[in-house]
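Structure first, then comments.
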Amino acid sequence: MTVTAPLLEVEDLHVRLRTPRGTASVVNGLSYTVGAGETVAVVGESGSGKSVSVLALLGLLPAGVATVTGRALLDGEDLLAMPADRLRQLRGPGVGMVFQDPMTSLNPVLTVGRQLVEGIRAHVDVPKAVARRRAVELLGEVGLPGPEKAVDRYPHELSGGMRQRVMIAIALSNSPALLIADEATTALDVTVQAQIIDLVQRLQADHGTGVVWITHDLGVVAGIADRVLVMYGGRCVEDGTVDDVLERPAHPYTRGLLGALPDLAVARADGGLPDLATVPGTPPAPTDLPAGCVFWPRCPVRADPRCETEQPPLAHVRGQSRDFGPSLAHRAATWCAEDGGAPGTTEEDR
Ligand SMILES: Nc1ncnc2c1ncn2[C@@H]1O[C@H](COP(=O)(O)OP(=O)(O)O)[C@@H](O)[C@H]1O
Ligand SMILES: [Mg+2]
C-alpha cells in the first residue's frame, strides 16, 4: 500500500464544556487518523467523550458552552478553522453523520422523501424525479420495508429503528468521503445491522469512504473495523488494529472492557461476540479528572509509582517497530502495559 496523507487527521483535539458544576474537560488531547477506505471503531464507556469528540469536528456543539481547540484536517482542510458556510457545504459529500438520536436530526415537518431529495439536490444538480427515485432506492437499501410508501411518511409516523435507517440513508445519499456513525445500528436487529454494514462496506469499496464508527458492540467492531480506538476520560488510551486491540490489549482499561472475551477467531467463526464488559467502579467526572493516569483510581494493576502523578504518553506497545505506519501501529497510554514494561516510543518520537 502506498503511503498517502490520511483522509482525516485529528490532532490534539480538546473540548471543554461550561457546566453548572464548572468546566468539564470532555476531550483531552485526542489524536487519530482515518485513511481513505479505512474504518476506525471508537469504543469506551458511556461518558468517555465519544459523541462530543465527533460533534466537535462538525461544529455541532452549542456555541458559548463549548471551547474546541486542535486541528481536524479533512483532505488537508481544517474543519475546526473553516467558516460555517464551508462546513455546511462539506456536510453531505464531505462528511455524512449518523447521530445517536435520530429525532434530533430529522426535520419533523418534512417527509423523509423531501429530506432525502433536498439533501441530494443541495449538492448535485439532478431533477426532482431522479432524486426521488434515488431516495426510494436508498430507503430500500437500508432495509426500510415498503420504501415507495415510506418515502412519503413523516418521521413521527415511523418507528425508532426506521428513523434510524432514514438517518443512515440521508448520511449515505451523497456518497461522503468520510462517514461518522455514532451508535448508528444499536437500535436495529442483527439482520438489518448486517445489511447496513454491508452497504457501508460497498460505499467504501466504491468511493474510498473513510469511516469512524462509535459502538459498544464488539460484533460490529469485529465485523467492520480495521482499527479500534479506545477512549477513556476524553483521551485515547489505546489504539491499534482490531486483532492487536482485541487479542493483545495492552491497557488495563481495555482488558477490563473486553472482560472474559472468548478467543476472537472462535467467536468470529460462531458469528457471535458479546457486548463490552462492565468495568468495576465509575468513570471520572470530566469536571474533576484525576492527576496522573486517568484510569488509576479504578485500575486493578497500578504497578508503577508514576500512575498517580504522571500522565502516561500514548506510546507504541513494546515489541512494535516505530516504523509501523498509522494503519498498523499499536499504542497505549499506560505505565502498566500487559508486558509489564515501560512504554516504548512516544508519539513525539515518531
Ligand atoms: N451539552 C453538554 N453540556 C454539558 N456536558 C455535556 C454536554 N454533552 C455532553 N456532556 C458531558 O460530556 C461527557 C462526554 O459525553 P459524551 O461525548 O456524550 O460521551 P459518550 O458519547 O462517550 O457516551 C459526559 O460527561 C457528558 O455528561
Ligand atoms: Mg455517545
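Structure data summary
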read-out	value
Assigned charges on the beta-carbon of Lys, Arg, Asp, Glu; the stretch 1-79 dipole about Cα centre (debye)	500 debye
Structure-based [θ]222 nm, the chain - -39500 (n - 2.57) summed over DSSP H runs of at least 4, per residue, nearest 500	-8000 deg cm²/dmol
Protection proxy ranking of 128-137, 111-120, 163-172 - average other beta-carbon atoms within 10 Å, highest first	163-172, 111-120, 128-137
Cleavage-rule hits, GluC sites (Glu not before Pro), the stretch 1-96, DSSP coil, Cβ neighbours within 10 Å at most 11	none
Peptides ranked, highest mean first, by Cβ atoms within 10 Å: ranges 27-33, 279-285	27-33, 279-285
Computed E for MET82/THR23 - FRET, C-beta separation, R0 30 angstrom, nearest 0.05	0.70
Separation of the GLU11 and ASP101 label points, Cα + 7 Å toward Cβ, nm	3.5 nm
Between helix 190-207 and the chain: long-axis angle, C-alpha atoms, 0 to 90°, nearest 10	90 degrees
Label-point gap, in nm, between ARG306 and VAL126 - each point 7 angstrom along Cα→Cβ	5.5 nm
At R0 = 41 Å, FRET efficiency that the Cβ-Cβ distance of ARG71 and THR278 yields, to 0.05	0.75
Whole-number D in µm²/s for the chain (Stokes-Einstein; Kirkwood sum over Cα pairs; 4 °C, 1.567 mPa s)	62 µm²/s
Efficiency of FRET between HIS207 and LEU60 - r from beta-carbon atoms, R0 25 angstrom, step 0.05	0.60
Value of relative contact order over the stretch 82-208, rounded to a whole percent, pairs C-alpha under 8 Å and six or more apart	37 percent
Crossing angle, helix 160-172 versus the chain [Cα axis fit, 0-90 degrees, rounded to tens]	90 degrees
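Bear in mind that the values in this text are calculations on the coordinates, not laboratory data. Bear in mind the structure is a predicted one, so any value in this text is a computation, not a measurement. Heads up, the Cβs are rebuilt from the backbone with ideal geometry, glycines too, and the neighbour counts pull from every protein chain shown.
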